[in-house]
1. Among residues belonging to region 45-62 that are at pLDDT 95 or above and of a type in the set (D, E, K, R), point out the one that is surrounded by the fewest Cβ atoms within 10 Å (Cβ to Cβ).
2. Could you identify the single residue in L18, L80 that is buried (at least 17 other Cβ atoms within 10 Å of the Cβ) and under 17 Å from Q113 (Cα atoms)?
3. Which residue pairs have Cβ atoms closer than 6 Å, lie 6 or more positions apart in sequence or on different chains, and pair a first residue in region 70-88 that is polar (S, T, N, Q) with a second residue that is surrounded by fewer than 19 Cβ atoms within 10 Å (Cβ to Cβ) and at pLDDT below 95?
4. Looking only at region 31-44, count every residue that is in contact with a Lys or Arg (Cβ under 9 Å, 6 or more places away or on another chain) and open to solvent by 30 Å² or more (accessible area, probe 1.4 Å) and tell me the total.
5. Do you know which residues across region 74-107 are within 18 Å of L47 (Cα to Cα) and assigned to a helix (DSSP H, G or I)?
6. Of the residues that sit in region 108-121 and are open to solvent by 70 Å² or more (accessible area, probe 1.4 Å) and outside any strand (DSSP E or B), which one is modelled with the highest pLDDT?
7. In region 12-22, which residues are out of contact with any Gly (no Cβ under 9 Å at 6 or more places or on another chain) and not polar (S, T, N, Q)?
8. Please state which one of R66, R71 is within 13 Å of the chain's Cα centre (by Cα), of a type in the set (D, E, K, R) and open to solvent by 10 Å² or more (accessible area, probe 1.4 Å).
Amino acid sequence: QVQLVESGGGLVQAGGSLRLSCAASGSIFSINAMGWYRQAPGKQRELVASITRDDLTEYADSVKGRFTISRDNAKNTVYLQMNSLKSEDTAVYYCNAAIRRAQVLGTSWYWGQGTQVTVST
């Protein structure tokens with residue numbers, strides 16, 4: 001069993017900061033990449049940021065310079081530091097990971113349950 005658990009979401013005023021965490025647990029052999037997606041009402045799900053095991057990162061244009069993704073491979077955890085938050089950042093944020101399971105061939109994609117981020121004005 002593989003499970004991704006997000007934490008750190010909540011309500012914050014515009015201009016504030018939040019730090020999201022996502023921890024993977026279970027029969028994990030390795031994690032090749034982890035990332036954060038978000039989906040706001042009336043909008044499509046979009047990639048916010050992703051990071052590989054070798055620290056290759058990519059960001060959505062809308063968050064560049066404000067958000068930073070990082071990971072702790074030893075803890076199977078990815079973080080998203082969100083600064084200078086705007087109302088348009090309000091969304092449900094989902095953790096995603098490409099994971100090799102123990103004794104299973106190939107890589108599968110797993111999703112967390114989502115954590116709500118609400119930015120008030």
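The values are calculated or read from the model by the stated rules, or taken from the named source; none is laboratory data. From a predicted model like this one, the values you see are computed outputs, not experimental measurements. Positions of Cβ are backbone-derived with ideal geometry, glycine not excepted, and every protein chain shown enters the neighbour counts. Calculation scope for accessible area: heavy atoms of the full protein, side chains included, ligands and nucleic acids excluded. Shrake-Rupley method; radii C 1.70, N 1.55, O 1.52, S 1.80 Å.
1. My answer is D61.
2. L80
3. Short answer, once both residue conditions are applied: S87/T121.
4. Number satisfying all stated conditions: 3.
5. Matches in region 74-107: S87, E88, D89.
6. Looking at residues that are open to solvent by 70 Å² or more (accessible area, probe 1.4 Å) and outside any strand (DSSP E or B), I get Q113.
7. V12, A14, G15, G16
8. Every option except R71 fails the conditions.
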